[in-house]
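Only one structure is covered here, and it is reproduced in the block below.
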Amino acid sequence: MALQLVEMDTNQLHNALPQNLWFLPVLLALYFALPIADWIIFRRLWALPVSGFLILLAKRIGNEVLISYSGEVYFYLWARKRTDLSAAPFGAIKDVNILSALAANLIALTLLLVTYPLISQLNFGEYTDASVITAAIFLVLSFAVLLFSRRVFTLERNALWWIFGVHIIRLTAGVLLCALLWFIILPGPHLGFWLILSMIRLLVGRLPFLPNKEALFAVIAVFLVGQDSAVSTLITLTATSILALHFLVASILGAAALFFPDRHIFPEKAITS
């Protein structure tokens, strides 16, 4: 990934910075959509205080910059330390993650079907149909877990449906915000083209145990649209911006916890179910 990204011209990246400042609030909304949705969910499940939003930011950074699910392990250990519950934290975190994966796969499958007529614009060559069928099978098979829902899930059915709905709203907003961000910066291609790339970004996000999936998506996008395309420069710029936000937020959280250890930057109150 590093070798592929190094080949991008830094001057080209600098020139790709948009003059339209509307991309900034859209980029921030895209970045904070996931931790906000997580906070809404765990606010209902555990009465998580507003300060708990910080630990959810740390969770996301762990998942996306280090290794997938490392942030979930960190969040689970944090929850176990600050609650009287024994199995509830694990069950709730597990259910939320499974429902997030199912919601992401449902949104990706829907986008795959909707944008199928436009996928030929990418450089799949003769493997376009095979790629689409393979992705569709991968997404559909994930729903087999529902056959064992009584053994897999811990929370009550009403809570599960509510969490699933929050994830659907969050993922739909994320796909639209991502496409809108690219459309604002580079309005040349139509919005459907950006939806295709946003769908591929969502699929890459489902790959387990990989660090820095934004960079991986940038490499895949460069392969699909061409090395010299303005689109590939834009995708790389977006991936770099999100990675920079990860490091910025992590630095702020780390510095706050280091210099103000007595201020309880991360909440230590007991969580109630």
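The values are calculated or read from the model by the stated rules, or taken from the named source; none is laboratory data. Not measured: the values here are computed from a predicted model. Counting neighbours? That spans all protein chains shown, and the Cβs are built from the backbone with ideal geometry, glycine included.
Considering only the range 207-228, how many residues are part of a loop (DSSP other than H, G, I, E, B), surrounded by fewer than 16 Cβ atoms within 10 Å (Cβ to Cβ) and not acidic (Asp, Glu)? Working first, answer last.
Let us first name the residues in the range 207-228 that are part of a loop (DSSP other than H, G, I, E, B), namely 207-212, 226-228.
Keeping just the survivors that are surrounded by fewer than 16 Cβ atoms within 10 Å (Cβ to Cβ) gives 207-211, 226-228.
Among the residues that remain, those that are also not acidic (Asp, Glu) are: 207-211, 226-227.
Total meeting the criteria: 7.
Of all residues in the range 97-135, which are in contact with a Ser or Thr (Cβ under 8 Å, 6 or more places away or on another chain), free of Cβ contacts under 8 Å to residues at least 40 places away in the same chain and of a type in the set (Gly, Ala, Ser)?
Within the range 97-135, just Ser120 meets the criteria.
To keep it simple, each residue is scored yes or no on (1) within 21 Å of Leu181 (Cβ to Cβ); (2) at pLDDT below 90.
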residue	(1), (2)
Gly52	no, yes
Glu64	yes, yes
Leu99	no, no
Ala104	yes, no
Asn123	no, yes
Thr128	no, yes
Ile133	no, yes
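Go through the range 11-28 and give me each residue that's modelled with pLDDT of 80 or more and within 14 Å of Thr238 (Cβ to Cβ).
Across the range 11-28, the qualifying residues are Phe23, Leu24, Val26, Leu27, Leu28.
I need a count of the residues in the range 132-168 that are assigned to a helix (DSSP H, G or I) and loosely packed, with under 14 Cβ neighbours inside 10 Å. Even if it seems obvious, please write down each step before you answer.
The first filter runs over the range 132-168 and keeps only residues assigned to a helix (DSSP H, G or I), leaving 132-152, 157-168.
This time we only want the ones that are loosely packed, with under 14 Cβ neighbours inside 10 Å, so: 133-134, 137, 140-141, 143-144, 146-152, 157-158, 161, 165.
Here the count works out to 18.
Mind counting the residues in the range 116-129 that are among the aromatic types (Phe, Trp, Tyr) and either buried (at least 18 other Cβ atoms within 10 Å of the Cβ) or part of a helix (DSSP H, G or I) (or both)?
Residues in the range 116-129 being among the aromatic types (Phe, Trp, Tyr) and either buried (at least 18 other Cβ atoms within 10 Å of the Cβ) or part of a helix (DSSP H, G or I) (or both): 2 in total.
Every residue, every condition in (1) at negative phi; (2) in contact (Cβ under 8 Å) with a residue 24 or more places away in the chain; (3) among the polar types (S, T, N, Q); (4) out of contact with any Ser or Thr (no Cβ under 7 Å at 6 or more places or on another chain), yes or no:
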site	(1), (2), (3), (4)
Thr172	yes, yes, yes, yes
Val175	yes, yes, no, no
Leu180	yes, yes, no, yes
Phe183	yes, no, no, yes
Leu186	yes, yes, no, yes
Phe193	yes, yes, no, yes
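Within the range 161-180, how many residues turn out to be over 15 Å from the mean Cα position of the chain (by Cα) and modelled with pLDDT under 95?
Counting residues in the range 161-180 that are over 15 Å from the mean Cα position of the chain (by Cα) and modelled with pLDDT under 95 gives 1.
On the basis of being outside any helix (DSSP H, G or I) and out of contact with any Cys (no Cβ under 9 Å at 6 or more places or on another chain), does Leu113 make the cut?
no
Would you pick out the residues in the range 37-95 that are free of Cβ contacts under 8 Å to residues at least 24 places away in the same chain, touching a Gly at 6+ places or on another chain (Cβ under 9 Å) and small (Gly, Ala, Ser)?
Scanning the range 37-95 gives Gly62, Ser70, Gly71.
Restricting attention to the range 93-112, report how many residues are under 9 Å from Phe164 (Cα atoms) and within 13 Å of the chain's Cα centre (by Cα).
The qualifying residues number 2.
I'd like the full set of residues that are within 18 Å of the chain's Cα centre (by Cα) and touching a residue at least 40 places away in the same chain (Cβ under 8 Å), limited to the range 208-234.
Pro208, Phe209, Leu210, Pro211, Asn212, Lys213, Glu214, Ala215, Leu216, Ala218, Val219
Let me confirm something: among Asn63, Asn97, which residue is closer than 30 Å to Thr240 by Cβ and either surrounded by fewer than 17 Cβ atoms within 10 Å (Cβ to Cβ) or of a type in the set (Ser, Thr, Tyr) (or both)?
Asn97
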